[in-house]
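Everything below concerns the one structure shown next.
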Amino acid sequence: MLEILMIEDDLELATILSEYLKAHDINVTNYDEPYTGMSAINTRHFDLLLLDLTLPNLDGLEVCKKVAKEKHIPIIISSARHDIDDRVLGLEYGADDYIPKPYDPKELVARIHSVLRRYKTTKEPNSTEIICPPFLLNKSSREIFLNNTPLDLTKAEYEILSFMIENKNQALTRDSIAAHSDSINPDSTNKSIDVIMGRLRAKIEKEGKKYIFSIRGIGYKFQTKDNE
């Protein structure tokens, strides 16, 4: 299911759109205050931002400009402001589309999928994001998300888990794992790696889920397919 962040202060409209989009496998999290909405981007992964312009405390164009500058997320402006200058500024500030209110929710669904298709196509080949459901690795911000929630990891834990995600379904030796972590001395004992693996398992393997597998005589393997 797609995860959409909406910043819309018309709560009645937000509720109507959220219910309609949910029926089309799009989950919406709405904030009616722009600063709160922008803070949410720092704590969760969203596939797209649906942004109103007439907002309290901060104009939507400024929100668009700030988010586009700091985050790698497609933006659709949804606004009753029909002035051509607002449309041009929104697109120049980084919005991927501008849909004037009122509109049929069916059109919004189509535009969301259209923007995401273009976004996926134009993304750089060496993307800083690696998606391995339910995990998302953002190498640029050095964050790993599990079910859209950022994991609280030490530097060594991040380095090891990111290496394993990038090499999912492969048996990795303890030596290769240590070699790809700047925080671990290459001469560290196997016990050091095992301790970190234990900490990672405690943080990511909840409710019977298992992602890190021990490979006898070799090391470890990361995989998610058993949980699908």
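Structure values in brief
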read-out	value
Solvent-accessible surface (1.4 angstrom probe) belonging to LEU61, in square angstrom, nearest 10	10
Unit charges at the beta carbon, dipole of the chain: most positive-side option, GLY217, PHE163, ILE184	GLY217
The chain, accessible surface, carbon-and-sulfur percent (1.4 angstrom probe)	49
Gyration tensor (alpha-carbon) shape descriptor, segment 52-92, a/c threshold 1.5	oblate
Accessible area of ASP32 in the full protein assembly, 1.4 Å probe (Å², nearest 10)	70
Mean projected area (nm²) of the alpha-carbon convex hull when the chain is viewed from all directions	13.9
Extension gain (nm, one decimal) between LYS225 and SER141, 0.36 nm per residue minus Cα-Cα	27.6 nm
In Å², nearest 10: area of SER162 left accessible to a 1.4 Å probe	10
Computed [θ] at 222 nm, deg cm²/dmol, the chain (DSSP H ≥ 4; -39,500 (n - 2.57); rounded to nearest 500)	-12500 deg cm²/dmol
Heavy-atom surface of the chain, accessible at 1.4 Å and reported per residue (Å²)	54
Radius ratio Rg over Rh of segment 1-72, counting only Cα atoms, Kirkwood formula for Rh	0.95
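The values are calculated or read from the model by the stated rules, or taken from the named source; none is laboratory data. Because the structure is predicted, anything quoted here is derived from the model rather than measured. FYI the Cβ positions are ideal-geometry reconstructions off the backbone, even for glycines, and counts take in every protein chain you see. Surface accessibility is based on the protein's heavy atoms, side chains included, excluding ligands, DNA and RNA. Shrake-Rupley method; radii C 1.70, N 1.55, O 1.52, S 1.80 Å.
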